1. Counting every Cα pair in the chain, what percent are over 33 Å apart?
2. If the stretch 1-84 were replaced by its equivalent ellipsoid, with semi-axes equal to the square roots of 5 times the Cα gyration tensor eigenvalues, what would those be, largest first, whole Å?
3. Give me the one-decimal nm value for the distance between modelled label points at Arg172 and Phe188, 7 Å along each residue's Cα-to-Cβ direction.
4. Of the residues Gly141, Gly102, Gly41, which exhibits the maximal mean-square fluctuation in a Gaussian network model of the chain defined by a 10 Å Cα contact cut-off?
5. If you roll a 1.4 Å probe over the chain with all protein chains in place, what percent of the accessible area is carbon or sulfur?
6. What is the dipole size for the stretch 1-76, taken about its Cα centre, with +1 at each Lys and Arg Cβ and -1 at each Asp and Glu Cβ, in debye to the nearest 20?
7. In debye to the nearest 20, how big a dipole does the chain give about its Cα centre with +1 on each Lys and Arg Cβ and -1 on each Asp and Glu Cβ?
8. Within the chain, what's the longest run with no GluC sites (Glu not before Pro) in a DSSP loop and at most 12 other beta-carbon atoms within 10 Å? Give the range, please.
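The values are calculated or read from the model by the stated rules, or taken from the named source; none is laboratory data. Predicted, not measured: the structure shown is a model, and the values here were computed from it. Using ideal geometry, Cβ is built from the backbone for each residue, glycine included, and neighbour counts are taken over all protein chains shown. The area values use the complete protein model at the heavy-atom level, side chains included, leaving out ligands, DNA and RNA. Shrake-Rupley method; radii C 1.70, N 1.55, O 1.52, S 1.80 Å.
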Amino acid sequence: MARPREFDETEALDAAIESFWLRGYEGTSMRDLAAAMGITGASLYNAFGDKKALFKASLDRYVARGLEVRIAELRRLPPLAALRSFFGGLIKLSLEDSERKGCFLVNSALDPGPLDPEFRRHMEAVLVRIETFFRETIAAGQADGSIAADQPAADLARQFLGLQFGLRVLARTRPERALLEGLVRPAFAALAPKRAVAAKRPRSPRRRR
């Protein structure tokens, strides 16, 4: 009969996330991981497999406990408010990141270590979920008139996905509110329906005859 595991797998995964997050995939050894997780190397292999499998499990845990929960909350908001809240939250996280760790998901996508074809497909699937959230939210806003419909929702979703990555990468070097908000502001200006933009323009004074 197999002996029951004497550690909490979710707590161990959370520790693995922190270790990968700080050092990156290549910079983190199995010995580092076992020490951070408080388990033996044999227990680590038995529970999670090799380093690549553990990295994948860590990424899945990070996405499930953070991104997916956040997206579920945002789907309850009106479309434009959901997008503003998403990026407002990213800016807040970036400004509070005193260690400048960045985003584990973004860091993982940029880390060349585990990106063999299998892992690349797994990462692509995560990014597609984010892009789908943007596309569906933008399409809903276009349907209710709160977002301009002159550009395809799919194109705007790709733009916002790139904006998300760019913001988090830039924030690791320059975590400045004015910079990050200035990066986001033009993207939201492009979402404004034309009638809303026209309403904000000052009227030209009438010429006297």
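1. Pairs farther apart than 33 Å: 29 percent.
2. Numbers: eigenvalues 197, 47, 16 Å².
Calculated on Cα positions only, the semi-axes equal 31, 15, 9 Å.
3. Going by the 7 Å Cα→Cβ label model, 2.6 nm.
4. Most flexible of the set in this elastic network: Gly41.
5. Values: 6600 of 12410 Å².
Here it works out to 53 percent.
6. Details: 12 positive and 12 negative charges, 45 e Å.
With Lys and Arg at +1 and Asp and Glu at -1, about 220 debye.
7. Values: 35 positive and 26 negative charges, 417 e Å.
The calculated dipole for the chain is roughly 2000 debye.
8. Values: sites that count: Glu6, Glu26, Glu99.
Result for the longest clean stretch: 100-209.
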